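Only one structure is covered here, and it is reproduced in the block below.
Quick note: the coordinates plus some simple rules give every number you see, no bench work behind them. Here the structure is a predicted model, which means the values were calculated and not measured. Methodologically, a virtual Cβ is constructed for each residue, glycine included, from the backbone with ideal geometry; neighbour enumeration extends over all protein chains shown.
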Amino acid sequence: MRREDVFAMLGSTGLPVTYRKWSPAKPPPLPYIVYYFVDGNDLMADDENYIGVRRWCAELYSESKDDGNEKKIEQALKQHKKPYAYQEIGNIEDGPFEAVFYFTTIGG
């Protein structure tokens, strides 16, 4: 799955999405998604990488805990059969609430 495919998958949530950062533009109003490539661990045989295995991170930024939009991300990942892990990060008093989804793509 290529970066633009991940963008389209996350965009299916209806939320604003960007790769890495909004700069030089200002971020849109909350909530929004920032995603990025974490790492790759391709499957190999005969001294070749033959299937790309990529790990991605999608961060949902919102004013507070946002069950509805978290569910939209979960549904997009499940619809595309992407295994994922979920984590909440940060303190709402210090900035926006952050829900983080780590997911894996195979191929591409």
Spatially near lysine pairs across the chain, Cα under 19 Å, sequence gap of 8 or more or different chains: 4
Over region 1-43: Rg over Rh, Cα atoms, Kirkwood Rh: 1.03
Highest-fluctuation residue, I33, I73, I51 considered, GNM on the chain with Cα pairs under 10 Å: I51
Kirkwood Rh in Å, taken over the chain so that all alpha-carbon pairs contribute: 14.6 Å
Sorted peptide list for 15-21, 97-103, criterion being average Cβ within 10 angstrom, highest first: 97-103, 15-21
Length gained when the stretch F37-W22 is fully extended (0.36 nm per residue, less Cα-Cα span): 3.8 nm
Estimated inter-spin distance, A85 and A8, nm [label 7 Å along Cα→Cβ]: 2.9 nm
